[in-house]
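*Asks:* Starting off with a structure, shown below.
FYI, it's all coordinate maths here, none of it is from the lab. Please read all numbers here as calculations on a predicted model, not as lab measurements. A quick note on method: Cβ atoms are made from the backbone with ideal geometry, for glycine too, and the neighbour counts reach across all protein chains shown.
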Amino acid sequence: MVFLVFVVFVVFLVFVVFLVFLVFLVVMVFLVFVVFVMVFVVFLVFLVFVMVFVMVFVVFVVFVMVFLVFLVFVVFLVFVVFLVFVVFLVFVVFLVFLVFVVFVVFLVFLVFLVFAMVFLVFLVFLGLMSSASGSLSSGPQGSVWLDESCWSQTSSGGGWRPLCSEEPAADLLGALVGPPMKD
């Protein structure tokens with residue numbers, strides 16, 4: 001019984017959604033038709049106006065002048081249509097370029113963030129491995145940062161700070177795990 005009620009409710013819900021979509025579709029088609037009719041009427045009025053203007057011009061002006069004016073009008077119309085098309089094309093290309101630039105900047109930032117996190121995880125892992133093994137392998141400076149005299153415990157006693165290290169990686173690593181242990 002509950003399943004039957006659920007099925008009836010789902011069918012009713014689908015029917016209501018379909019009716020709403022159908023009404024929306026009919027309204028949109030009607031609106032598009034109204035806009036099309038309005039544009040068409042405006043175009044017809046403009047066409048009638050142009051025809052009347054051309055007829056009056058033909059009556060009062062020589063055939064050559066009419067031909068020249070018509071030619072100028074056609075060229076001007078073609079130029080305006082071309083200009084509107086170029087402006088629209090430039091606008092669309094600019095929008096696509098802007099979206100692409102934002103996407104690329106976001107991807108670069110994301111890649112940088114991932115590399116930074118991997119580098120931090122690597123440093124922590126290196127610190128854990130070095131504290132587990134009891135010593136650090138010597139870096140490019142040899143025994144400079146392996147010397148215990150180059151380390152000082154902080155005043156709170158909770159960490160270490162390098163005194164004579166010349167390597168930024170040794171400073172960061174020392175702050176994380178403390179001085180290396182002697183064998």
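*Asks:* Could you list, in sequence order, all residues of the stretch 59-86 that are surrounded by 10 or more Cβ atoms within 10 Å (Cβ to Cβ) and either within 23 Å of the chain's Cα centre (by Cα) or not aliphatic (A, V, I, L, M) (or both)?
*Replies:* Matches in the stretch 59-86: Phe67, Phe70, Phe73, Phe76, Phe79, Phe82, Phe85.
*Asks:* Still on this structure: Please tell me if Val2 is exposed (fewer than 10 other Cβ atoms within 10 Å of the Cβ) and out of contact with any Phe, Trp or Tyr (no Cβ under 6 Å at 6 or more places or on another chain).
*Replies:* yes
*Asks:* Same structure again: Yes or no: Val35 outside any loop (DSSP other than H, G, I, E, B), surrounded by 10 or more Cβ atoms within 10 Å (Cβ to Cβ) and of a type outside the set (S, T, N, Q)?
*Replies:* Details: outside any loop (DSSP other than H, G, I, E, B): yes; surrounded by 10 or more Cβ atoms within 10 Å (Cβ to Cβ): yes; of a type outside the set (S, T, N, Q): yes.
Taking the combined requirement at face value, the residue satisfies it.
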